[in-house]
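Read-outs: derived from the displayed coordinates by stated rules, not from any lab. Predicted model only: the values in this text are computed from it and were never measured. Every residue, glycine as well, gets a Cβ built from its backbone with ideal geometry; the counts of neighbours run over all protein chains shown.
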Amino acid sequence: MTPDTKIETKNIKKQNIVSSTDAGTLSNDNRKNVFSSKNFNLWYGDNHALQDINLDFKENDISAIIGPSGCGKSTFVKSLNRMVELVPIVRTEGQIIYKDRDIFEKSFTKEELRTKVGMVFQKPNPFPKSIYDNVAYGPRVHGIKKKKILDEVVESSLRDAAIWDELKDRLHENAYGLSGGQQQRVCIARALAIEPDVILMDEPTSALDPISTIKVEDLMKELKKNYSIIVVTHNMQQAARVSDTTAFFYEGYVVEHDDTNVIFENPNDKRTEDYVSGRFG
Amino acid sequence: MTKNYNVQEMIDKNKSNSSNTIEKLIPTILFLITSISILATIAILYILASESIEFFRRIPFIDFITGTDWRPYSGDAQYGIWALISGTFRIVIIAAIFAMPIGLGAAIYLSEYSSDTIRRIIKPILEVLAGVPTVVYGYFAINFVTPILRSIWSEVDLFNAISPGIVVGIMIIPMIASLSEDAMSSVPRAMREGSYGMGATKIETTFKVVIPAAISGIMASFVLAISRAIGETMIVSIAAGSNPNFSLDITSTLQTMTAFIVQITSGDTAFGTDIYYSLYAVGLTLFFFTFLMNMISIWISKRFREEY
């Protein structure tokens with residue numbers, strides 16, 4: 001992709017947001033689904049971890065997934081980029097549609113899917129390489145070798161991850177010398193470097209201090225202009241602060257999925273209400 | 001239930017004075033035990049050095065470390081160590097070329113590709129391979145590998161460098177595989193996930209993330225294995241011959257430093273002769289090389305350690 005076309009797509013995405021800001025609820029929203037799961041089931045061996053999940057995620061939304069430990073929220077988000085299959089005993093049924101294609105289709109390789117759907121993990125997991133090499137890793141793996149382009153990609157990704165100014169003089173230091181919060185933003189930059197459509201975040205701030213958490217949350221709000229974000233969080237305030245829609249998972253089911261303000265202020269289900277008001281979980 | 005005992009009283013009764021004395025003696029005893037290995041090392045070094053000094057009184061040091069002719073038995077005796085070093089190096093290089101790719105390949109398979117079941121079967125087998133007595137490898141070299149090599153490559157002599165070189169390689173494969181596998185499997189899973197998460201394939205992840213992260217352990221395994229190959233004695237004594245020469249020829253007979261030492265100590269060399277003292281000079285040279293390899297290994301572990 002040339003830099004010009006990238007700007008174009010960004011503009012198109014921005015227009016999309018403008019045109020859909022008034023579309024408050026899930027129903028009267030004409031944006032496309034970026035992901036939609038249809039009767040999705042997942043087993044770890046005999047353990048039926050996800051049961052009949054039907055969820056739609058809109059483009060350029062921050063969609064939060066909340067729920068108590070062991071409810072399947074992490075498993076679900078890892079299913080979206082098929083990372084869950086790294087566990088050998090996993091079995092799935094049903095469909096997950098990513099932009100009109102079933103991600104389990106034979107012709108749709110995991111590598112292709114993961115190139116479009118980036119991921120940020122619970123614990124910052126930079127490679128034990130320099131900051132530059134970390135961010136350049138994705139483009140390099142996909143065959144981009146020109147130093148000039150890599151330099152630009154590294155700079156723009158770090159800028160997008162709001163960490164360029166902090167790190168521009170330290171690009172060749174090992175990423176492990178950074179603080180946890182900086183490492184996590186470098187990991188976000190690393191994911192942005194291949195310009196995915198969607199960024200999955202699996203409890204991205206659970207290992208971070210409050211100030212770093214706020215920085216990552218601000219970053220997410222910035223990023224949604226150009227990316228769709230699906231974030232798993234155990235922190236309900238975080239879901240309330242950053243997300244447009246929230247899905248509440250409980251014991252492998254989706255109990256409720258709605259606009260975030262509905263989930264937090266006027267939930268339909270008693271269990272959702274108990275959970276968001278802190279009565280359990 | 002009535003209680004007809006009191007645990008505190010029993011404890012008091014059992015607490016004799018003698019146990020206190022033992023408690024105090026134990027560290028001293030353990031210290032003495034620890035000292036034995038250190039004292040042994042110091043004693044060996046002392047004997048190597050002092051006897052070598054006697055050797056260098058008779059044969060000029062400069063002739064020893066620059067000479068390429070090793071003819072201790074001839075009328076005009078020559079003690080040029082490079083003839084023996086070149087023998088050792090030919091074996092070590094063949095062994096390393098043979099063992100490093102295979103050992104690393106096995107480590108990659110075990111750490112990244114094999115299922116748990118397969119790993120549980122293969123790893124113990126590798127460790128058995130590491131426990132085979134080297135004299136058995138020696139016979140394997142001369143009775144099995146050498147005939148095969150001679151049937152496909154007619155220039156190979158009965159005693160040669162390539163057959164024992166390959167077999168020394170086979171001997172050090174388990175060491176490389178096992179140590180490299182440990183290094184690779186201790187790379188955190190999260191790091192691999194970071195790579196898969198960007199659409200990297202398994203092989204890309206292995207070569208671009210796992211191996212670089214484990215490189216210090218892998219390099220250390222190479223160096224330790226090479227150090228082991230330098231010191232290897234039985235295989236080369238049996239299959240490489242006893243004809244020291246300074247060359248790069250891998251098809252004809254040679255002698256390594258270790259094989260020379262075996263030849264002299266098992267023969268009827270008289271105490272106090274030049275040949276007798278040359279043993280210590282060769283031993284010291286051998287020690288120098290293995291010591292150097294160990295230092296390199298420590299340096300590599302520090303220099304290339306990637307913190308994670």
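Would you look at the GNM of chain B, springs on alpha carbons closer than 10 Å, and say which of B:81, B:97, B:226 moves the most?
B:97
Around residue B:296, under 14 Å between beta carbons, what's the net of Lys plus Arg minus Asp minus Glu among the other residues? The partial results should precede the final answer.
Values: positive: B:228, B:302, B:303; negative: none.
After counting each charged neighbour, the total is +3.
Applying 1/(1 + (r/R0)^6) with R0 = 51 Å to the Cβ-Cβ distance of residue A:147 and residue B:121, what FRET efficiency is obtained, to the nearest 0.05?
0.65
Quote the FRET efficiency, to the nearest 0.05, computed for residue B:251 versus residue B:33 with a Förster distance R0 of 60 Å and r equal to the Cβ-Cβ distance.
Values: r = 49 Å, r/R0 = 0.82.
According to the calculation, E is roughly 0.75.
Quick one: in the protein assembly as shown, what % of C-alpha pairs are over 38 Å apart?
Details: 90525 of 173166 pairs.
Within the protein assembly as shown, distances greater than 38 Å cover 52 percent of Cα pairs.
Which shape class applies to chain B: rounded if a/c is under 1.5, otherwise prolate when a/b exceeds b/c and oblate if not, where a ≥ b ≥ c are the square roots of the Cα gyration tensor eigenvalues?
Details: a/c = 2.25, a/b = 1.27, b/c = 1.77.
Verdict is oblate for chain B.
Enter the Cα centre distance for the pair segment B:186-230 and segment A:109-187, rounded to the nearest angstrom.
20 Å
Where both residues lie in the protein assembly as shown, what percent of DSSP beta bridges are antiparallel, nearest 5? All intermediate terms of the calculation are to be shown ahead of the outcome.
Details: 27 of 44 bridges.
Looking only at bridges with both residues in the protein assembly as shown, the antiparallel portion is about 60 percent.
Can you tell me which of B:161, B:95, B:40 moves the most in a GNM of chain B? Springs connect C-alpha atoms under 10 Å apart.
B:40
Relative contact order (percent) for chain A, with alpha-carbon contacts under 8 angstrom and 6 or more residues of separation? Mind showing how you got there, number by number?
Numbers: 503 pairs, mean separation 72.3, N = 281.
That works out to 26 percent.
Given the options B:206, B:66, B:117, which has the most mean-square fluctuation in a GNM of chain B, springs set between C-alpha atoms less than 10 angstrom apart?
B:117
Does anything in segment B:180-200 have its amide N under 19 Å from the 7 Å Cα→Cβ label point of residue A:176, and if so which residues?
B:180-196
Considering amide H positions built from the backbone, and no H for Pro or chain starts, which residues 5 or more places from residue A:96, or on another chain, come under 5 Å of its amide H?
Long-range HN contacts for residue A:96: A:38, A:103, A:104.
Give the distance, in whole Å, between the Cα centre of segment B:117-171 and the Cα centre of segment B:1-61.
Spelled out, the Cα-based centre of one part sits 40 Å from the other.
So for chain A, taking the charge dipole from beta-carbon charges (+1 Lys/Arg, -1 Asp/Glu), which of A:210, A:252, A:268 sits furthest toward the positive end?
A:210
Can you give the relative contact order of segment B:165-308 as a percent, counting alpha carbon pairs under 8 Å and 6+ residues apart?
On the way: 131 pairs, mean separation 40.5, N = 144.
After rounding, I find 28 percent.
Using helices alone, I'd like the mean residue ellipticity at 222 nm for the protein assembly as shown: each DSSP H run of four-plus residues gives -39500 (n - 2.57), total over residue count, nearest 500.
Values: 25 runs with 325 residues, N = 589.
Value at 222 nm, helices only, nearest 500: -17500 deg cm²/dmol.
Magnitude of the Cβ-charge dipole of segment B:248-308, K/R +1 and D/E -1, about the Cα centre, nearest 20 debye? Don't jump to the answer; show the numbers that get you there.
On the way: 3 positive and 5 negative charges, 58 e Å.
Computed charge dipole of segment B:248-308: roughly 280 debye.
What base-10 log of the normalised intensity I(q)/I(0) is obtained for segment B:11-163 from the Debye formula, alpha carbons as equal point scatterers, at q = 0.11 Å⁻¹?
For the requested q values the scattering log ratios are -0.88.
Can you tell me the relative contact order of chain B? Whole percent, Cα pairs under 8 Å, sequence separation 6 or more.
Values: 398 pairs, mean separation 74.9, N = 308.
In percent, rounded to a whole number, it is 24.
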